[in-house]
Amino acid sequence: MPRLRQVPRAEAERETVLPLYGMLFGDRDPVAEPGTATGTPGDWWTVFANSPATLKHAAQGFAYYRSPERRLDPVLRELGQTWAGWATGSRFVFSQHCKSLRGLAVSEEKIEAIPTWQTADVFSPKERLVLAYADRLVCHAGRVPDALFAQVKAEFSDEEILELTYITCLYQMHAVMSRALRTEFDDRDDPVTEVPAPEGFDALDFLGGERRG
């Protein structure tokens, strides 16, 4: 379950939330009858409905990146978004944007190679450049070497670079929020937990230390 309350249809705000519920869930109450066309539970939407203004702002971001007014090639945009999901550890963002890449007719070979793009030979030079830049945005908090940025500048317009930067960072934020709030496919326990030592194990003896007192 998500960490925040889900807003049922009967309590949904009318101006922003109800129309989005209708678009995604039809006449169903998404809390009582979860599920979206993409196979997710849909609880990202019901959690964000706690703040209609926040949900509206997020939905406007979706409209922004999908707009035909964007200059950046949609495939390159989706590579940045998909890497943001993988690198941040968001199963939700990664899964959704793998689907988007398929919708843009990107090959399965390329989609499967995204986690290992650094050594994969299936990407074009321009695609590898986008992934390298996205990696620096997401994994290095925007620490982009001058040499790499010069290569990006040589291939893309300033408008395209700004779009790529904004959209990739936007989806890093979505990935982080999804993990923190445990929405959708990110509703899972952290895999890193302590494995208890065997019964009778003495840590001090193992370390060769001396007992005090």
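The values are calculated or read from the model by the stated rules, or taken from the named source; none is laboratory data. If you're wondering where the values come from, they're calculated on a predicted model, not measured in any experiment. Heads up, the Cβs are rebuilt from the backbone with ideal geometry, glycines too, and the neighbour counts pull from every protein chain shown. What goes into the accessible areas is simple: the full protein's heavy atoms, side chains included, and nothing from ligands, DNA or RNA. Shrake-Rupley method; radii C 1.70, N 1.55, O 1.52, S 1.80 Å.
Considering segment 81-187, the qualifying helices (runs of 4 or more DSSP H), each wholly inside and each with 2 or more residues that are open to solvent by 20 Å² or more (accessible area, probe 1.4 Å), touching a residue at least 60 places away in the same chain (Cβ under 8 Å) and within 29 Å of F48 (Cα to Cα), run over 91-103, 158-181. For A37, the conditions (1) open to solvent by 40 Å² or more (accessible area, probe 1.4 Å); (2) within 23 Å of F156 (Cβ to Cβ) are fulfilled apart from (2).
If the condition is being open to solvent by 70 Å² or more (accessible area, probe 1.4 Å), touching a residue at least 24 places away in the same chain (Cβ under 8 Å) and either outside any helix (DSSP H, G or I) or in contact with a helix residue (DSSP H, G or I) (Cβ under 6 Å, 6 or more places away or on another chain) (or both), then segment 56-72 contributes only R71.
Within segment 7-28, the residues that satisfy the criterion of being open to solvent by 40 Å² or more (accessible area, probe 1.4 Å) and in contact with a Pro (Cβ under 8 Å, 6 or more places away or on another chain) are R9, E13, E15, L24.
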